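Note sheet for the following structure.
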């Protein structure tokens, strides 16, 4: 099994000496959708920001695509790992959407023709062709998240790391965003995202990392979310469908799968 990310004995303490991550050992599989799942304060966002070096490790080792994150290769790591912030306003700052998406490729010193190709490709993939000349501040939250993803896609990353990508979105917009991310996975990308939504994780993720108080309780295939003692320890509820079908021989992960079993 090939791993995109390997973390060994990672520890991190906030400036006020509050422990944020303690003894994290983790391997994240290539070309999978992996959810970092936990309640508020579990450390999932801090862990997410370590993966592309936004937060630098104080103690422990992180390897991305077989390269240790350090000062010598941090720029290469950040090209390989795109990061989507929870609040897209933190990464949209140009006067137009097009300018924001072109910002990363320009910093790679690419030819203008290549920059234009990448921007047009990214805009088309996320379906915002009609927004390219709009100022980012005028967009809805869902449109901003699409624009931010387009800016990442223009860098052609191998790994996409997202902090709470679906928070604050209407169900229909959340579904559209998942379809975009599914398409990226089909093209070979590895997706890692943080969330506290157990039902969405159960329905959509391939693998899951369950965190509490800065520690990994367990990681593995998404079916570990059916383990009642584990979920009780995590402070999170069982997924709704796992609860409904826990005494059944069936194991639907989505409402659509459950509906087919019932009708």
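Each reported figure results from applying straightforward, stated rules to the coordinates on display, with no laboratory input. Keep in mind that what you see is a predicted model, and the values were worked out from it rather than measured. Every residue, glycine as well, gets a Cβ built from its backbone with ideal geometry; the counts of neighbours run over all protein chains shown.
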Only one of 40, 52, 25 is out of contact with any strand residue (DSSP E or B) (no Cβ under 8 Å at 6 or more places or on another chain) and either assigned to a strand (DSSP E or B) or touching a residue at least 60 places away in the same chain (Cβ under 8 Å) (or both), namely 40
Quick check on segment 187-209. Is at least one of its residues surrounded by 19 or more Cβ atoms within 10 Å (Cβ to Cβ), without any contact (Cβ under 8 Å) to a residue 40 or more places away in the chain and either touching a helix residue (DSSP H, G or I) at 6+ places or on another chain (Cβ under 6 Å) or closer than 30 Å to residue 153 by Cβ (or both)? no
Qualifying residues in segment 68-98 (those that are under 26 Å from residue 166 (Cβ atoms) and free of Cβ contacts under 8 Å to residues at least 24 places away in the same chain) - the one surrounded by the fewest Cβ atoms within 10 Å (Cβ to Cβ): 90
So, in segment 151-173, exactly how many residues are farther than 24 Å from residue 50 by Cβ and either buried (at least 20 other Cβ atoms within 10 Å of the Cβ) or out of contact with any helix residue (DSSP H, G or I) (no Cβ under 8 Å at 6 or more places or on another chain) (or both)? 2
State all residues of segment 226-255 that are buried (at least 19 other Cβ atoms within 10 Å of the Cβ) and either touching a residue at least 40 places away in the same chain (Cβ under 8 Å) or in a loop (DSSP other than H, G, I, E, B) (or both); if no residue qualifies, say none. 234, 236, 238, 239, 241, 242, 252, 253
For the structure I just gave you, tell me whether residue 35 is farther than 30 Å from residue 115 by Cβ, touching a strand residue (DSSP E or B) at 6+ places or on another chain (Cβ under 6 Å) and buried (at least 17 other Cβ atoms within 10 Å of the Cβ). yes
Under 6 Å by Cβ, and 6 or more places apart or on different chains, what pairs join a residue from segment 161-186 that is touching a residue at least 60 places away in the same chain (Cβ under 8 Å) and at positive phi with one that is outside any loop (DSSP other than H, G, I, E, B) and crowded, with 17+ Cβ neighbours inside 10 Å? 164/194
